[in-house]
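Notes to accompany the following structure.
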Amino acid sequence: MSNFFAVMARMKYINRWGLMRNTRYENLSEHSLDVAMISHALCVIGNRRLGKSFDADRAAILSVYHDCSEILTGDLPTPVKYFNREIDSVYHDIEDNSRRRLLSLLPDDIREEYDGILSLKDEDPELLRLVKAADKISAIIKCIEEKGCGNHEFDKAYSALTKAVERMDIPEANIFMEEFLPGYALSLDEQGI
């Protein structure tokens, strides 16, 4: 018997943005799905428009599990997580320990397959950069949604995250931000549905 997937299903109980006043809470499952869709799109953009050869399916599955350690750690607020290098380093160790604990829940014969996913180790560091960019873009989308509801609590986070994505200098992310991000601020009618 393995409890791995039952524990993974608990991502829906982990709320994000804990220090921020939210008009609507976002859980880790929702965030992970958004990151998976965006990272997949970034790969498709890179492959179709920029002549790259990213594995879009691999990016999507890495994204699904990218924050799974938070099932055990919770979502540590960004100001705490990055307060100084020591805290950042210790937290990364805690995340690694959490991932190992989650992997230990899997049967031996399939554990290796998931080790490469949960550990976020990939032979292609550019693919992991796209997943990281997708993670930030997902956070920008949350900010757009909150700002659209009149919640100015997310104004500074929106600016900081937008600048962070720009600094990453990833053409696929820049294209997504230019072409697809504006639609998130529109109503359903304005989106043409």
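Let me have the relative contact order for the chain, percent, based on Cα pairs under 8 Å that are six or more residues apart. Walk me through the numbers on the way to the answer.
Values: 210 pairs, mean separation 46.5, N = 193.
Worked out over the chain, it gives 24 percent.
Residue farthest toward the positive end of the dipole of the range 4-185, with Cβ of Lys/Arg at +1 and Asp/Glu at -1: which of A173, I137, Y25?
Of A173, I137, Y25, it is Y25.
What is the sum of charges, Lys and Arg at +1 and Asp and Glu at -1, for the other residues whose Cβ falls under 11 Å from the Cβ of L103? Let's see the in-between values first.
Numbers: positive: R99, R100, R101, R111; negative: D96, D108, E112, E113, D115.
That sum, taken over residues with Cβ under 11 Å, equals -1.
Within the set of other residues whose C-beta is less than 13 Å from the C-beta of F176, count the net charge using Lys and Arg as +1 and Asp and Glu as -1.
Working: positive: R48, R49, K136; negative: D34, D135, E166, E172, E178, E179.
Value of the local net charge: -3.
Give me I144, I45, I38 ranked fewest to most by other Cβ atoms within 10 Å of their Cβ, as a rough exposure proxy.
Working: I144 17, I45 22, I38 27.
Fewest-to-most Cβ neighbours within 10 Å comes out as I144, I45, I38.
Given the options A139, A157, A36, state which has the largest fluctuation in a GNM of the chain using a 10 Å cut-off (strictly under) for Cα springs.
Answer for the Gaussian network model of the chain: A157.
With a bin width of 5 angstrom, please list the P(r) values of the range 144-193 as percents of all Cα-Cα pairs, from the 0 bin to the one holding the largest distance.
Cα pair-distance distribution for the range 144-193, in percent: 4, 19, 22, 25, 17, 11, 2.
Under a Cβ-only charge scheme (Lys and Arg +1, Asp and Glu -1), can you give me the dipole magnitude of the range 4-185 about the Cα centre, in debye to the nearest 20? Show your work: numbers first, answer last.
Working: 24 positive and 32 negative charges, 105 e Å.
In total the dipole reaches around 500 debye.
Identify which of E126, E30, E146 has the largest mean-square fluctuation in a Gaussian network model of the chain, with springs joining Cα atoms closer than 10 Å.
In the Gaussian network model the winner is E126.
If Lys and Arg each add +1 and Asp and Glu each add -1, what is the summed charge of the other residues whose beta carbon sits under 15 Å from the beta carbon of Y13?
Working: positive: R10, K12, R16; negative: E26, E30, D67, E70, D75.
Cβ neighbours under 15 Å give a net charge of -2.
Report the label-to-label distance for R129 and S104 in nanometres (one decimal), using points 7 Å from each Cα along the Cα→Cβ vector.
In this crude label model, R129 to S104 measures out at 3.6 nm.
Taking the Cβ of each residue in C149, C43 as the centre, tally the other Cβ atoms inside 10 Å and list the residues starting with the fewest.
Values: C149 10, C43 25.
Ascending Cβ contact count within 10 Å gives the list C149, C43.
Going by how many other Cβ atoms sit within 10 Å of their own, how do E145, E172 line up, fewest first? Each step should come with its number before you reach the end.
Numbers: E145 17, E172 25.
Lowest to highest Cβ neighbour count: E145, E172.
If each of I94 and R24 carries a label point 7 Å out from its Cα toward its Cβ, how far apart are those two points in nm?
Placing both labels 7 Å beyond Cα along the Cβ direction yields 3.0 nm.
Hey, how many Å between the Cα centroid of the range 134-193 and the Cα centroid of the range 2-42?
17 Å
Efficiency by 1/(1 + (r/R0)^6): what FRET value for L186 and A9, r their Cβ-Cβ distance, R0 = 35 Å, to the nearest 0.05?
Working: r = 32 Å, r/R0 = 0.92.
Efficiency, from the Cβ-Cβ distance: 0.60.
For percent of Cα pairs over 22 Å apart, one of (i) 51; (ii) 43; (iii) 62 was computed from the structure I shared and the rest are decoys. Which label?
Step by step, percent of Cα pairs over 22 Å apart for this structure corresponds to label (i).
What is the angle, in °, between the Cα long axis of helix 28-49 and the longest principal axis of the Cα atoms in the chain? Nearest 10 is fine, range 0 to 90.
Approximately 70 degrees, to the nearest 10.
If the elastic network links every pair of Cα atoms under 10 Å, which of L127, L72, L105 fluctuates the most in the Gaussian network model of the chain?
L105
Laboratory data are not the source of any read-out in this text; all were calculated from the coordinates shown. Remember, it's a predicted structure, so these values are computed and weren't measured experimentally. Note that each Cβ is placed from the backbone with ideal geometry, even for glycine, and that neighbours are counted across all protein chains shown.
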